[in-house]
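These notes concern the structure reproduced below.
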Amino acid sequence: MTQQRLQFPPRTAFFETLKSRVDGYLQAEGKRPTGNWRLAAKALLALGAMFGGYVWLVFLTDSLWQAVLAAFVMVQGMVLTAFGVMHDGAHGSLSRRRWLNWLAGATMDVLGSSSMLWRQKHNMLHHTYTNVDGKDDDIAIGSLMRFSPSQPRKPWHRLQHWYAPLLYSLLSLYLLFFSDFQKVFTGRIGETALQPRKWWELPYFFSVKLAYFAYALLVPMLLHPWWLVLSFFIGMHLLFGLTLSLVFQLAHTVEGADFPLPDANGLMPYDWAEHQLRTTANFAPGSRLVNFYTGGLNHQVEHHLFHKMSHVHYPAISRIVRDTCREFGIVYHSFGTTRAAILAHFRHLRRMGQPV
């Protein structure tokens, strides 16, 4: 684990060349880096499924099978909102209008977590120090799991590839009930101090948390038995958390991905762009369905290199990125299918659980 101040070597000609080619592509095609009408339609579909599923589940169901179906529709709307609306909005790539990006990013609060914390945890730390132990909070799960070779191995890690799905399913509940509050009260994300907050951010944090509990638990309990509401609430979050976790893990904790560490002076071994390429992998890049469902996160390489660009452009620019990497002799990780990436992830977990 590293707690020191880190820096990357100066960027090489690779990224400047790549950026110039991608900018040239957008200019030649007459496209802006932000989203387009397809993204707007997708956002309406995602939000419609989420809120429509909620209304159906809470106010309109009159049988158990309808409730299960409505809950499934709502969870899928939550997944599409998280991947395809919130993620682009939080990165400022959904629209040219800042207020619309902020509003899209704030759907994270509607999903139960915190957009305020996400912007620092994900946008700044994860996208800068990807897979760096002690800086990237995404690979920090305490002693429960071992993702990086630099993390200490515990005896139970030998079984982590078996119990990982159970822990993954707890992700959204963990954020909702524990992790977000821990970060706010301690003022830290891992070893990194939170940025100074504006006067309204703390009241906003607690207000949206209360609003979430009100609409997700209190209102349904006024109309249905509390034990039934709680059962559906937990079940939906388990499915939601498992889906989110698997997609995020397939991008960085797989066979072939690197886990670089700084030298004694805090200097990383590769410049920022090569660091992203060594620590990141694509999966199922040719699948339109996977690209739609994951909000382009199956093109994670392109996302990490151009995180302020909407995911609707990733399939097109992936060819430019791949060819430029080949030209400069830089690694480009990509799994042809989602299944191949899942297997690579669990093989990585198994290897990390073995004695050194």
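The values are calculated or read from the model by the stated rules, or taken from the named source; none is laboratory data. Source: prediction; values computed, not measured. No Cβ is skipped: glycine too gets one built from the backbone with ideal geometry, and neighbour counts run over all protein chains shown.
Being of a type outside the set (Gly, Ala, Ser) and on the phi > 0 side of the Ramachandran plot, is that true of even one residue in region 130-144? There is at least one residue in region 130-144 that is of a type outside the set (Gly, Ala, Ser) and on the phi > 0 side of the Ramachandran plot. When Arg98, Arg153 are checked against the criterion of being among the charged types (D, E, K, R) and without any contact (Cβ under 8 Å) to a residue 12 or more places away in the chain, Arg98 stands alone in meeting it. Looking across Ala82, Ala28, one residue alone is surrounded by 18 or more Cβ atoms within 10 Å (Cβ to Cβ) and either at pLDDT 95 or above or within 19 Å of the chain's Cα centre (by Cα) (or both). It is Ala82. Selection over region 126-165 of residues that are surrounded by fewer than 18 Cβ atoms within 10 Å (Cβ to Cβ), over 17 Å from the mean Cα position of the chain (by Cα) and under 15 Å from Glu191 (Cβ atoms) gives a count of 2. When residues in region 10-65 are screened for being farther than 18 Å from Thr294 by Cα and either touching a strand residue (DSSP E or B) at 6+ places or on another chain (Cβ under 9 Å) or not in a helix (DSSP H, G or I) (or both), 10 of them pass. A Cβ distance below 9 Å, combined with a sequence gap of six or more or placement on separate chains, defines the contacts here; from region 40-56, residues that are at negative phi reach residues that are surrounded by fewer than 14 Cβ atoms within 10 Å (Cβ to Cβ) and in a helix (DSSP H, G or I) in the pairs Tyr54/Tyr215; Trp56/Gln66. The set of residues from region 93-125 being in contact with a Lys or Arg (Cβ under 9 Å, 6 or more places away or on another chain), crowded, with 23+ Cβ neighbours inside 10 Å and over 20 Å from Phe206 (Cα atoms) comprises just one member, Ser93. Being without any contact (Cβ under 8 Å) to a residue 40 or more places away in the chain, closer than 17 Å to Phe178 by Cα and aromatic (Phe, Trp, Tyr) is the filter here, so list the residues in region 190-226 that pass it. Selection gives Phe206, Phe213.
May I ask you to verify whether His127 is assigned to a helix (DSSP H, G or I), in contact with a Gly (Cβ under 9 Å, 6 or more places away or on another chain), in contact (Cβ under 8 Å) with a residue 12 or more places away in the chain and not hydrophobic (A, V, I, L, M, F, W, C)? Answer is no for this residue. For region 227-241, a residue qualifies if it is within 27 Å of the chain's Cα centre (by Cα) and either in contact (Cβ under 8 Å) with a residue 24 or more places away in the chain or farther than 23 Å from Tyr168 by Cβ (or both), and the qualifying residues are Phe232, Ile234, Gly235, Met236, His237, Leu238, Leu239, Phe240, Gly241. Once region 260-291 is narrowed to residues that are among the hydrophobic types (A, V, I, L, M, F, W, C) and assigned to a helix (DSSP H, G or I), the residue that is surrounded by the most Cβ atoms within 10 Å (Cβ to Cβ) is Leu277.
Please state which of the following conditions Ser113 fails to meet, knowing it meets all the rest: (1) assigned to a loop (DSSP other than H, G, I, E, B); (2) over 21 Å from Tyr174 (Cβ atoms). Exception for Ser113: condition (2). What do you reckon, is Leu60 more than 30 Å from Tyr332 (Cα to Cα), out of contact with any Leu (no Cβ under 9 Å at 6 or more places or on another chain) and hydrophobic (A, V, I, L, M, F, W, C)? So Leu60 fits the description; yes.
Note on region 244-295: residues that are over 21 Å from Ser148 (Cβ atoms), touching a helix residue (DSSP H, G or I) at 6+ places or on another chain (Cβ under 9 Å) and free of Cβ contacts under 8 Å to residues at least 60 places away in the same chain amount to 7. Exactly one residue among Thr294, Thr338 is hydroxyl-bearing (Ser, Thr, Tyr), in contact with a Phe, Trp or Tyr (Cβ under 6 Å, 6 or more places away or on another chain) and buried (at least 24 other Cβ atoms within 10 Å of the Cβ), and that residue is Thr294.
Give the residues of region 215-227 that are loosely packed, with under 12 Cβ neighbours inside 10 Å and in a loop (DSSP other than H, G, I, E, B), sorted by residue number. Within region 215-227, just Pro225 meets the criteria. Of all residues in region 50-69, those being surrounded by 15 or more Cβ atoms within 10 Å (Cβ to Cβ) and over 25 Å from the mean Cα position of the chain (by Cα) number 6.
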